[in-house]
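Only one structure is covered here, and it is reproduced in the block below.
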Amino acid sequence: MMLSPDLFPVPLIHISETNSTNSYLQTFCAKEKTEEFTTVAADYQTSGRGQRGNSWESEPHKNLLFSFVLFPEFLEARRQFLISQIVSLAIKEELDTYTDDVSIKWPNDIYWKEKKICGILIENDLIGRNISRSIAGIGININQEEFHSPAPNPVSLYQITGKQYDIYEVLKNIMLRIQSYYNQLKKNDTLSIVAHYEKSLFRKEGMHRYKDADGEFLARIVCVEPEGRLILEDEMQAKRRYMFKEVEYLLK
Ligand code: BTN
């Protein structure tokens with residue numbers, strides 16, 4: 001385990017292997033007084049966790065697998081989607097410096113074209129009406145050359161650009177961007193966060209195929225509400241409103 005290497009903008013714990021960096025950081029916070037932005041990065045996860053109980057697979061040493069902790073006690077739980085928005089934006093904007101066609105697939109996957117380059121798992125603890133702790137876990141496919149896992153549409157930065165990257169340089173830049181967005185959030189300067197998020201959305205224009213409990217349909221994105229609800233408008237101009245997991249994007 002390596003703590004706070006010089007020149008890294010946040011406290012960094014590097015470990016070669018763990019079950020999940022989110023779980024590692026939860027246990028670490030329970031044992032030690034932990035500074036905000038403390039980041040755990042692993043070379044390999046034996047049971048990386050994804051959304052909806054899925055797993056997250058990554059070859060050892062190839063990709064970014066990390067979690068960091070925030071204590072956003074100023075933020076009401078009903079506004080917790082802002083954490084997802086700033087984390088997604090920071091990653092999207094860093095990946096924009098390496099390639100075109102990066103977008104945020106609602107609520108917080110990062111896509112290149114129609115493929116997933118990054119997954120985010122945010123676990124919030126509440127105290128009363130506010131958030132006491134937020135652990136954000138992020139997997140970004142950077143240098144992996146091939147994917148063999150059953151994940152439906154993975155892609156790595158290497159596959160897009162043909163180049164290999166220093167994953168800690170990418171991590172450093174992402175943490176600087178997250179710090180900057182978090183300062184904006186602390187100042188309650190949320191309008192531009194929301195505007196940037198909407199501008200960065202996958203399928204922000206045009207009619208596309210979706211599927212909900214009633215079947216498949218064509219629709220366009222109208223907006224994302226502050227609680228994170230996605231508003232679609234179908235071919236009959238009817239508005240359809242979805243919380244996470246209630247609608248599926250049908251990909252090409
Ligand atoms: C998703 O299903 O899209 C979310 C995937 C999140 C994966 C990352 S990898 C680092 C961190 N530790 C975990 O166990 N999960 C997250």
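The values are calculated or read from the model by the stated rules, or taken from the named source; none is laboratory data. Just so you know, these numbers come straight off a predicted model, no measurement behind them. We place every Cβ from the backbone using ideal geometry, glycine too, and count neighbours over all the protein chains shown. Remember, those area values only see protein heavy atoms, side chains included, never the ligands or the DNA or RNA. Shrake-Rupley method; radii C 1.70, N 1.55, O 1.52, S 1.80 Å.
So what are the ³J(HN,Hα) numbers for the range 227-232, from phi and the Karplus equation (6.51, -1.76, 1.60; θ = phi - 60°), rounded to whole Hz, Gly and Pro as x?
With the stated coefficients, the range 227-232 comes to 7, x, 6, 8, 10, 10 Hz.
For the range 2-78, which trypsin sites (Lys or Arg not before Pro) pass both filters: DSSP loop (anything but H, G, I, E, B) and at most 15 other C-beta atoms within 10 Å?
Qualifying residues, ordered by number: K33.
Taking a ≥ b ≥ c as the square roots of the Cα gyration tensor eigenvalues, with a/c under 1.5 meaning rounded and otherwise prolate when a/b beats b/c, else oblate, which class fits the range 156-209?
On the way: a/c = 4.88, a/b = 1.12, b/c = 4.36.
It is oblate, given that a/c is not under 1.5 and a/b is not larger than b/c.
GNM on the chain, C-alpha springs below 10 Å: top fluctuator among L191, L89, L230?
Comparing L191, L89, L230 in the GNM, the peak value goes to L191.
In the range 12-101, which chymotrypsin sites (Phe, Trp or Tyr not before Pro) fall in coil by DSSP and have 12 or fewer other Cβ atoms within 10 Å?
Loop-located and lightly packed - F74.
Can you tell me the accessible area per residue over the chain, all protein chains present, probe 1.4 angstrom, in square angstrom?
Counting only protein heavy atoms, the per-residue value for the chain is 49 Å².
Got a number for the accessible area of S180? Probe 1.4 Å, square angstrom, nearest 10.
Here the residue's solvent-accessible area equals roughly 70 Å².
Please count, across the range 5-199, the pairs of lysine residues with Cα atoms under 13 Å apart that sit 8 or more places apart or on different chains.
Lysine pairs meeting the criterion: 9.
Can you tell me which of N108, N22, N188 moves the most in a GNM of the chain? Springs connect C-alpha atoms under 10 Å apart.
Among N108, N22, N188, the largest GNM mean-square fluctuation belongs to N188.
Counting only protein heavy atoms, what percent of the accessible surface of the chain is carbon or sulfur at a 1.4 Å probe?
Exposed carbon and sulfur together represent 48 percent of the surface.
Place +1 on the Cβ of every Lys and Arg and -1 on the Cβ of every Asp and Glu in the chain, take the dipole about the Cα centre, and give the residue among N54, L218, H196 whose Cα lies farthest towards its positive end.
The residue sitting most towards the positive pole is L218.
With only alpha-carbon pairs counted, each pair once and no self-pairs, how large is the Kirkwood hydrodynamic radius of the range 1-112 in angstroms?
For the range 1-112, inverting the mean 1/r across all distinct Cα pairs yields 15.5 Å.
Using θ = phi - 60° and the Karplus relation 6.51 cos²θ - 1.76 cosθ + 1.60, list the HN-Hα couplings for the range 190-197 in order, rounded to whole Hz, with x at every Gly or Pro.
9, 4, 6, 4, 5, 5, 4, 4
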